[in-house]
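Following: one structure in structure tokens, then a few remarks.
The values are calculated or read from the model by the stated rules, or taken from the named source; none is laboratory data. As the structure is a computational prediction, the values presented were derived from the model and not from experiment. Backbone-built Cβ (ideal geometry, glycine too); neighbour counts: all protein chains shown.
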Amino acid sequence: MKVALISPEVVPFAKTGGLADVSGALPKALARIGVEVAVVMPRYRAVDEKKFGLVRHARKVTAKVDGREVESGIFEGSLPGGVKVYFLDNPAYYGRDQLYGTPQGDYPDNAERFTYFCKAVPEVLKAVGFKPDVMHVNDWQSGLVPLYLKEFYGADPDFTGTGTVITVHNLGYQGVFWAEDMHLTGLGWEHFTPDGIEFYGKINCLKAGLVHSDIINTVSKTYGKEIQTPEYGCGLEGVLTARDADLYGIVNGIDYDEWDPEKDKNLAQNFGAGDVKGKLANKKALLKELGLPATGNRPLFGIISRLADQKGLDILSESMDEMLGLGVQFVMLGTGEEKYHKLFTELAKTNPRQVSVNIGFDAKLATRIYAGTDVFLMPSRYEPCGLGQLISLRYGTVPLVRKTGGLADTVKNYSVRTGKGNGFVFTDYSSRALMKAVKAAVAAYEDKAAWKGLVERGMNEDNSWERSAREYVKLYRKAMDKAAAKEEDAAA
Ligand code: ADP
């Protein structure tokens with residue numbers, strides 16, 4: 001099976017969010033199970049030729065934007081492990097420091113930059129001789145690809161029978177541009193309809209992908225259901241509901257080589273499942289590092305997060321006094337909204353023995369928090385997939401989450417009675433519901449034998465990319481079947 005994965009950002013080349021992690025890890029996992037993968041992305045300024053050992057491809061490509069033929073180069077590189085990555089090289093469009101814009105605002109020519117990217121992708125694949133069985137596009141920046149394939153490559157033997165899949169990583173970003181940009185796309189106005197790419201009088205690039213892909217995928221089953229409702233659908237709930245039969249959800253994995261408590265060099269002591277002492281050594285070292293006293297037998301709660309409303313910081317801040325009243329300790333690592341910086345910094349000042357607040361982004365401290373805490377908090381308002389809960393499970397830290405999106409799919413509430421479950425789960429988005437789960441966790445922590453079982457179960461779970469990659473292969477087959485059926489219909 002040959003899969004072309006199209007993404008605007010891929011680790012280790014360029015990253016603004018989780019999409020880049022997925023686009024870097026999934027191809028590697030697919031390759032390991034025998035799928036032939038090629039990745040296509042733009043070449044931003046940071047994608048340095050020397051640093052990444054890129055080679056300029058002999059062929060150039062041209063694609064039309066705004067009626068003009070625009071030429072670009074192709075660079076060839078690879079992911080660790082060898083998967084080929086093809087970079088569309090057009091310095092005028094992509095040779096910038098940022099991917100999409102600065103904190104002051106998006107680049108004003110994003111419609112042109114990413115329309116061109118989508119137009120050029122099939123040309124890049126033709127130039128390098130990669131004939132995909134499946135084209136897997138990601139988020140709005142590559143959303144127009146499935147439509148262009150239908151519109152301009154229907155009779156092209158390089159793309160006969162190519163199935164299309166779009167993965168939505170966060171529905172909040174849709175690539176919406178004013179109707180006056182239609183001339184850039186090369187599409188006729190017949191596409192500018194409510195059944196097509198029109199969205200409240202504007203062009204919506206993500207919608208193009210949702211309407212025209214054979215299969216739609218999201219990063220968890222629950223998020224796939226949630227986005228069909230007005231509360232989570234960001235205006236696209238109607239489109240998504242209409243395509244419910246083709247809508248799936250595959251939870252992301254984590255890289256088990258990167259996140260491994262038995263090998264992680266940042267830890268005070270390496271440990272595996274069942275090694276209670278090793279885990280405790282990390283807790284002690286973390287408390288010392290943070291300047292918190294070792295209080296013996298009290299649970300340590302942690303949170304590592306963007307400090308944004310999406311992440312449930314409002315209900316968490318309302319709960320803090322009551323939580324600290326239970327005698328627990330609390331460590332936070334994050335950056336984001338100023339109001340939360342202030343609020344939590346103040347909280348640490350007034351509770352120096354119980355609270356440590358670390359404002360900033362620190363990947364090394366993050367691993368030590370995953371390893372050294374007892375309970376990891378994710379009280380999110382919405383969470384397409386979430387990685388923190390998967391990492392904490394691997395590091396023997398019990399996740400406490402709100403039942404939404406990927407959190408609902410990966411964390412099951414612990415029951416004292418049955419001894420089943422891998423974490424603590426609450427449903428209502430309220431500090432009351434959150435506190436109920438916190439109290440359940442504190443009570444469970446008292447029973448050392450049961451807690452050890454809970455921790456071990458989490459550590460022994462398989463949340464690796466291998467498992468997710470196998471799910472993706474099933475989806476790719478579905479997309480190929482749909483594409484084949486369409487061809488048969490057309491031939492009949
Ligand atoms: P999102 O992508 O919505 O921010 P995820 O849970 O999917 O949330 O992924 C967040 C990732 O970023 C996790 O791996 C988390 O550990 C990491 N992270 C978030 N904030 C920080 C920070 N301040 N320092 C270090 N790592 C962080």
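Observations on the structure shown:
- Scanning segment 365-379 for residues that are more than 20 Å from the chain's Cα centre (by Cα) and either away from the ligand (no atom under 11 Å from the Cβ) or surrounded by 22 or more Cβ atoms within 10 Å (Cβ to Cβ) (or both) returns 368, 369, 371, 372, 373, 374, 375.
- Apart from one condition, residue 401 fits all of (1) in a helix (DSSP H, G or I); (2) within 22 Å of the chain's Cα centre (by Cα); (3) buried (at least 20 other Cβ atoms within 10 Å of the Cβ); the exception is (1).
- The residues of segment 380-430 that are more than 12 Å from the ligand (Cβ to nearest atom), on the phi > 0 side of the Ramachandran plot and touching a helix residue (DSSP H, G or I) at 6+ places or on another chain (Cβ under 6 Å) amount to a single one, 396.
- Remark: pairs (first residue in segment 53-80, over 22 Å from residue 39 (Cβ atoms); second residue surrounded by 20 or more Cβ atoms within 10 Å (Cβ to Cβ) and of a type in the set (A, V, I, L, M); Cβ separation under 6 Å; 6+ apart in sequence or on different chains) = 65/184; 66/184.
- In the condition set (1) assigned to a helix (DSSP H, G or I); (2) within 25 Å of residue 406 (Cα to Cα), residue 231 is compliant with all but (1).
- Residue list for segment 261-312, restricted to those being surrounded by fewer than 18 Cβ atoms within 10 Å (Cβ to Cβ) and either within 14 Å of the ligand (Cβ to nearest atom) or in a helix (DSSP H, G or I) (or both): 266, 276, 277, 280, 284, 285, 288, 289, 306, 308, 309, 310
- Restricting 469, 450, 441 to those that are away from the ligand (no atom under 16 Å from the Cβ) and free of Cβ contacts under 8 Å to residues at least 40 places away in the same chain reduces the list to 450.
- Remark: residue 362 falls outside the filter, which requires a residue to be under 24 Å from residue 433 (Cα atoms), within 15 Å of the ligand (Cβ to nearest atom), surrounded by fewer than 17 Cβ atoms within 10 Å (Cβ to Cβ) and assigned by TED's automatic domain parsing to the domain that holds residue 383.
- Residue ID - surrounded by the fewest Cβ atoms within 10 Å (Cβ to Cβ), chosen from residues in segment 240-260 that are at pLDDT 95 or above and either over 23 Å from residue 168 (Cα atoms) or acidic (Asp, Glu) (or both): 244
- Residues of segment 341-359 classified as within 13 Å of residue 303 (Cα to Cα) and either without any contact (Cβ under 8 Å) to a residue 24 or more places away in the chain or within 14 Å of the ligand (Cβ to nearest atom) (or both), total: 5
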